[in-house]
1. Restricting attention to region 291-318, which residues are acidic (Asp, Glu), more than 13 Å from residue 334 (Cβ to Cβ) and within 30 Å of the chain's Cα centre (by Cα)?
2. Pick out the one residue from 135, 116 that is under 25 Å from the mean Cα position of the chain (by Cα), over 25 Å from residue 347 (Cβ atoms), part of a loop (DSSP other than H, G, I, E, B) and of a type in the set (A, V, I, L, M, F, W, C).
3. Scan region 110-129 residue by residue and report those that are surrounded by 11 or more Cβ atoms within 10 Å (Cβ to Cβ) and basic (Lys, Arg).
4. Given the structure, is residue 264 at pLDDT 95 or above and crowded, with 22+ Cβ neighbours inside 10 Å?
5. Name, by its number, the condition in (1) in a helix (DSSP H, G or I); (2) not assigned by TED's automatic domain parsing to the domain that holds residue 158 that does not hold for residue 251.
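The values are calculated or read from the model by the stated rules, or taken from the named source; none is laboratory data. Keep in mind it's a predicted model, so treat the numbers as computed, not measured. Here the Cβ is made from the backbone with ideal geometry for all residues, glycine too, and neighbour counts use every protein chain on show.
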Amino acid sequence: MTSSLSTCGPAQTTERHCPHSWKENKVHSRSTLAALLISLSLLIGGCDKSDAPQSVAQPGSPPQQKMSAEQAEVEKYNVYVKAANYGADFGELLEKRLNEYPKKLAAGKKLTDYYIFSTYDISTWQKNLKEALAIESPMPELDEPAKGMLETLAKLAPIQAELENYAQSKGFLADDGKKAREMEPALQAAMKDVAVYQAVFFDGINKRDDINTKNAFESAEKDSQAYYRAGIVVYAKESARLASEFFQNAGSEETAKPFEASLSKTAQMIEGWDKKTREQTRSPGCTVVLSDLNGFVGKGRQAISDARSGQYKRENNSELGWRSFNPVERGAKDVQRAFGSLINSMNRDECI
């Protein structure tokens with residue numbers, strides 16, 4: 001099966017720029033429900049699982065050269081997917097820090113504990129982005145923010161390293177938090193610079209992912225395992241986006257109906273995939289995968305049921321109960337975790 005990859009995202013230009021602030025791009029944080037991604041090799045590679053004989057081009061022939069270019073594109077994209085799925089979300093890290101540390105570092109207040117994210121959070125991104133950029137396959141909408149991230153991560157790294165040593169040695173107990181207070185503005189500024197480029201990167205890769213999965217779904221043979229596999233991704237991602245709107249509106253019926261309809265489409269794709277895989281000798285791990293797939297649909301349907309029964313209305317809960325056990329936040333986290341499990345299962349090639 002061949003694949004023509006479409007691109008979508010920021011304007012394709014050699015000049016790197018970030019037209020939006022971190023706050024404006026924050027919606028595209030990796031932590032949003034719809035941003036987890038699936039490796040493209042699993043979508044287009046699924047067509048090679050059939051028993052049909054594969055033609056083999058001779059070395060140096062035009063078809064083989066074309067496939068090499070396509071494979072380079074797939075390989076590069078998959079490295080970017082790995083970076084996006086498993087790298088630290090600096091927008092989220094910064095938001096948490098802004099909520100916590102201004103109070104901790106207030107003048108005259110004793111600093112009794114101090115924390116900073118790990119060097120690993122920086123090095124993981126650097127490793128994956130460098131690996132992707134080394135693959136010769138132009139992806140301007142991802143390459144440009146990736147280069148911007150590498151530049152800003154390089155500036156953040158020495159600040160983080162100094163403060164990590166400070167935190168580990170509990171230097172804040174020796175100097176009463178002096179260094180923490182002095183370096184916090186520089187730390188936050190450097191984190192923000194990374195987060196701005198990262199938001200553009202997440203936006204670009206999420207748009208490309210949508211196009212890839214839609215193309216794989218539409219080009220797959222109907223009622224095939226590949227068709228249902230791609231369909232699960234298409235409709236699960238749609239459901240995740242609608243879930244975000246649903247929870248942002250406290251489970252309003254206006255947002256519940258499209259969310260419910262999308263979950264039904266996702267369930268249909270899962271049922272079709274299950275039937276196709278049962279026609280083959282499948283790995284025992286498929287049982288776990290099926291549980292993860294159905295778990296997402298189940299959590300979504302449970303959230304809709306909870307909203308319709310009035311659990312998402314503040315007036316139906318005690319003030320203390322609402323503050324300590326907010327049902328809307330709980331439901332959103334449950335669905336988000338279930339979606340993460342679904343995508344993680346889709347990225348395992350043992351039976352998908």
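1. Filtering region 291-318 down to residues acidic (Asp, Glu) leaves 292, 306, 315.
Checking the rest, the ones that are also more than 13 Å from residue 334 (Cβ to Cβ) come to 292, 315.
Answer for region 291-318, where residues must be acidic (Asp, Glu), more than 13 Å from residue 334 (Cβ to Cβ) and within 30 Å of the chain's Cα centre (by Cα): just 292.
2. Values: 135 fails: over 25 Å from residue 347 (Cβ atoms).
Only one candidate passes the filter, namely 116.
3. Residue satisfying the conditions is 127 alone.
4. Working: at pLDDT 95 or above: yes; crowded, with 22+ Cβ neighbours inside 10 Å: no.
For residue 264, the condition - at pLDDT 95 or above and crowded, with 22+ Cβ neighbours inside 10 Å - is not met.
5. It fails just one condition, (1).
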